[in-house]
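What follows is one structure encoded as structure tokens, with my remarks underneath.
Throughout, read-outs are computed from the coordinates displayed, never taken from laboratory work. Source: prediction; values computed, not measured. Glycine gets a Cβ as well: all are built from the backbone with ideal geometry, and neighbour counts include every protein chain shown.
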Amino acid sequence: MKHYSERITINAQTRFGRPSIRGLRISVYDILGWFASGMTKQDILSDFPELTEEDLQAALSYAADREHKILVAS
């Protein structure tokens, strides 16, 4: 997959600046929440036909990268 930065956009005018998919009103947070609630990739793609498998992978990659960059203060 190409780097997630080609699919994840951040715009203060869209979803209060939350990272979103290709400028849509669907945020990375939304996608993570759907996965966490038990939805499958196919469930999400069926409910939101404007999304692609690459969009879902980009959201997961973005979240993993953010998690990797979190520093623990001691």
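The table that follows gives values for the structure above.
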| quantity | calculated |
| --- | --- |
| Within the chain, helix-based [θ] at 222 nm, where runs of 4 or more DSSP H residues each add -39,500 (n - 2.57), nearest 500 | -13500 deg cm²/dmol |
| Residue order, fewest to most beta carbons within 10 Å, for 40, 9 | 40, 9 |
| Matching label, Rg and Dmax of the Cα atoms in Å computed from the structure shown, candidates (1) 13.9, 38; (2) 11.1, 35; (3) 12.7, 44 | (3) |
| Karplus-derived HN-Hα couplings along segment 60-65 (A = 6.51, B = -1.76, C = 1.60, θ = phi - 60°), whole Hz, x at Gly and Pro | 5, 5, 4, 5, 5, 5 |
| The chain, relative contact order [Cα under 8 Å, separation at least 6], % | 28 percent |
